[in-house]
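In what follows, a structure is listed as structure tokens, so that the remarks can point back to it.
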Amino acid sequence: MSVTENQGFNTRAVHAGQAFEPRTGAVVPPLHFSSTYAQDGIGGLRDGYEYGRGTNPTRDALQEQLAALERGTHAYSFSSGLAAEDSLIRALMRPGDHIVLGNDAYGGTYRLISRVLGEWGIGNTPVDMADLDAVQAAVAGNKTRFVWVETPSNPMMKITDIEALAKVAHDAGALLIVDNTFASPYLQTPLDLGADVVVHSTTKYIGGHSDVVGGAIVVKDAELAEKIGFVQFAVGAVSGPMDAFLTTRGLKTLGVRMDRHSDNAQAVAEWLLERPEVEAVLYPGLPSHPGHELAKKQMKKFGGMISVQFKGGEAAARKVAESTSVFTLAESLGGIESLMNYPSEMTHASVKGTELAVPVNLIRLSCGIEDVEDLIADLEQAFTHIQ
């Protein structure tokens with residue numbers, strides 16, 4: 001079927017880039033493993049296909065799907081989220097340029113920007129993205145090319161006003177980059193709110209089944225797209241055909257999964273809020289969250305991620321993290337199964353000792369699609385291990 005931007009999210013998720021195979025009528029497009037393509041004479045390419053690093057029908061189908069769901073015009077699928085971020089920065093920045101980013105950014109992103117690309121001459125200033133005056137001052141004080149934000153942020157669950165931040169960035173001649181991994185395009189479409197570029201770890205909610213690693217970049221601007229596409233081809237950190245196929249399969253059910261993730265997380269967060277062991281519950285679906293009203297405005301629901309801080313400090317957080325059975329202690333997030341993470345020593349170990357360091361009394365929950373009563377029961381028994 002022909003997919004239009006006026007169709008609903010789930011219709012676009014199922015059908016964008018997924019036309020049936022014309023020869024046999026196969027409803028699921030075939031998986032193309034070929035690394036190279038026959039030419040009809042020198043330079044006579046069939047539908048532009050030449051070599052697998054540059055183009056692949058399975059990857060192209062995923063990229064069409066991603067663009068349709070993020071309401072962009074061009075999407076690029078990479079071998080990981082960090083590969084996507086690296087290619088984006090090298091495509092659009094030059095030595096001496098600067099990035100203003102959130103002061104609780106994902107540890108891997110900060111490590112890439114600070115320790116890898118810092119050696120290449122890319123500067124950075126971490127700042128509280130909720131403080132627009134501080135962002136504006138940081139942007140004005142440097143040769144800022146990117147304003148980079150996660151909303152909700154990882155793992156402090158801060159909510160940032162994308163429209164307001166876009167104005168700050170654009171007034172300074174900078175681009176606004178939004179990492180939309182936690183929200184997913186089902187809950188939030190930053191390009192509609194003024195962002196210039198959306199990045200994803202498609203490993204997370206988009207893939208959704210903890211069985212494939214990948215990343216993506218989505219844009220609306222043709223000039224930006226051309227530069228990003230050139231680096232993707234020239235550097236070659238592309239998703240392979242099987243990875244693209246698995247990501248597409250996961251993406252088709254993103255909407256129904258995110259509804260369940262969000263509903264489960266809301267119930268778990270409300271339960272946690274009543275527990276005497278808990279110091280703070282960081283979840284934008286709670287009216288007590290400082291970003292609650294803003295999240296209601298720019299998100300469809302509040303997502304599946306919760307961070308929890310314990311009155312018993314590091315010892316309590318570690319004990320809970322190591323005492324669950326339905327929640328699995330593991331890196332990553334966004335899969336159908338519930339995961340538990342201790343960021344200070346796991347996902348954010350690379351920012352220990354910096355202003356991005358995560359509180360040691362904090363655990364991060366990725367609420368899966370299991371029965372919510374079982375998730376709460378699992379946490380309740382884990383809490384009994386706190387001394």
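Tallying residues that are farther than 27 Å from residue 214 by Cα and not in a loop (DSSP other than H, G, I, E, B) within region 320-335 yields 1. Within region 128-151, the residues that satisfy the criterion of being touching a residue at least 24 places away in the same chain (Cβ under 8 Å), under 30 Å from residue 301 (Cα atoms) and touching a strand residue (DSSP E or B) at 6+ places or on another chain (Cβ under 6 Å) are 129, 135, 146, 147, 148, 149, 150.
I'd like the full set of residues that are in a loop (DSSP other than H, G, I, E, B) and in contact with a Leu (Cβ under 9 Å, 6 or more places away or on another chain), limited to region 292-319. Let's see the steps before the verdict.
At the first step, the residues of region 292-319 found to be in a loop (DSSP other than H, G, I, E, B) are 299-304, 311-312.
Result: 299, 300, 301, 302, 303, 304.
Cβ separations smaller than 7 Å between residues 6+ apart or across chains give the following pairs from region 311-325 residues that are of a type in the set (S, T, N, Q) to residues that are part of a helix (DSSP H, G or I): 323/382; 324/378; 324/379; 324/382; 325/378.
Beta carbons closer than 7 Å, at least 6 apart along the sequence or on distinct chains, pair a first residue in region 346-369 that is free of Cβ contacts under 8 Å to residues at least 60 places away in the same chain with a second that is among the charged types (D, E, K, R) and open to solvent by 10 Å² or more (accessible area, probe 1.4 Å) for 346/331; 360/314.
In a residue-by-residue description of region 197-215, the property of being more than 29 Å from residue 367 (Cβ to Cβ) and in contact (Cβ under 8 Å) with a residue 24 or more places away in the chain applies to no position.
Would you mind stating whether residue 109 is of a type outside the set (Gly, Ala, Ser) and part of a helix (DSSP H, G or I)? Don't jump to the end; show me each part of the working.
Numbers: of a type outside the set (Gly, Ala, Ser): yes; part of a helix (DSSP H, G or I): yes.
Criteria met by residue 109.
Contact map, region 5-25: first residue within 16 Å of residue 60 (Cβ to Cβ), second residue assigned to a helix (DSSP H, G or I) and open to solvent by 90 Å² or more (accessible area, probe 1.4 Å), Cβ cut-off under 9 Å, separation 6 or more or different chains; pairs are 16/64; 17/64; 18/64.
In this structure, does residue 131 turn out to be open to solvent by 20 Å² or more (accessible area, probe 1.4 Å) and closer than 30 Å to residue 287 by Cα?
On the way: open to solvent by 20 Å² or more (accessible area, probe 1.4 Å): yes; closer than 30 Å to residue 287 by Cα: yes.
Spelling it out, residue 131 is indeed open to solvent by 20 Å² or more (accessible area, probe 1.4 Å) and closer than 30 Å to residue 287 by Cα.
Filtering region 31-47 for residues that are in contact with a strand residue (DSSP E or B) (Cβ under 9 Å, 6 or more places away or on another chain) and among the charged types (D, E, K, R) leaves a non-empty set.
Residue-by-condition table, conditions (1) more than 20 Å from the chain's Cα centre (by Cα); (2) under 21 Å from residue 158 (Cβ atoms); (3) β-branched (Val, Ile, Thr):
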| site | (1), (2), (3) |
| --- | --- |
| 291 | no, yes, no |
| 301 | no, yes, no |
| 306 | no, yes, yes |
| 318 | yes, no, no |
| 323 | yes, no, no |
| 332 | no, yes, no |
| 342 | no, yes, no |
| 346 | no, yes, no |
| 349 | no, yes, no |
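Within region 147-195, the residues that satisfy the criterion of being small (Gly, Ala, Ser), open to solvent by less than 10 Å² (accessible area, probe 1.4 Å), outside any loop (DSSP other than H, G, I, E, B) and over 20 Å from residue 365 (Cβ atoms) are 166, 169. In the set (1) open to solvent by less than 10 Å² (accessible area, probe 1.4 Å); (2) under 26 Å from residue 331 (Cα atoms), the condition left unmet by residue 100 is number (2). Would you check if residue 236 is within 26 Å of residue 94 (Cα to Cα) and touching a strand residue (DSSP E or B) at 6+ places or on another chain (Cβ under 6 Å)? No; evaluated as a whole, the condition is false for this residue.
Could you pull out the residue among 355, 345, 380 that is over 17 Å from residue 316 (Cβ atoms) and either open to solvent by 10 Å² or more (accessible area, probe 1.4 Å) or among the charged types (D, E, K, R) (or both)?
Working: 345 fails: over 17 Å from residue 316 (Cβ atoms); 380 fails: over 17 Å from residue 316 (Cβ atoms).
That would be 355, the only listed residue that is over 17 Å from residue 316 (Cβ atoms) and either open to solvent by 10 Å² or more (accessible area, probe 1.4 Å) or among the charged types (D, E, K, R) (or both).
Taking the conditions exactly as written (open to solvent by 40 Å² or more (accessible area, probe 1.4 Å), under 27 Å from residue 244 (Cβ atoms) and not small (Gly, Ala, Ser)), does residue 109 satisfy them or not? Here the answer is no, as residue 109 does not meet what is asked.
Residue check: is residue 27 closer than 27 Å to residue 256 by Cα, surrounded by fewer than 15 Cβ atoms within 10 Å (Cβ to Cβ) and among the aliphatic types (A, V, I, L, M)? Before the answer, list the steps.
Values: closer than 27 Å to residue 256 by Cα: yes; surrounded by fewer than 15 Cβ atoms within 10 Å (Cβ to Cβ): yes; among the aliphatic types (A, V, I, L, M): yes.
So residue 27 fits the description; yes.
For residues that are in contact with a Gly (Cβ under 6 Å, 6 or more places away or on another chain) and surrounded by 21 or more Cβ atoms within 10 Å (Cβ to Cβ), tally how many sit in region 65-82. Give the derivation first.
Restricting attention to region 65-82, the residues satisfying the condition of being in contact with a Gly (Cβ under 6 Å, 6 or more places away or on another chain) are 65, 78, 80-82.
When the remaining residues are screened for being surrounded by 21 or more Cβ atoms within 10 Å (Cβ to Cβ), the result is 65, 78, 81.
Result for region 65-82: 3.
The values are calculated or read from the model by the stated rules, or taken from the named source; none is laboratory data. For clarity, every value in this text was computed on a predicted model and none was experimentally measured. Counting neighbours? That spans all protein chains shown, and the Cβs are built from the backbone with ideal geometry, glycine included. Side chains included, ligands, DNA and RNA excluded: accessible areas come from the protein's heavy atoms. Shrake-Rupley method; radii C 1.70, N 1.55, O 1.52, S 1.80 Å.
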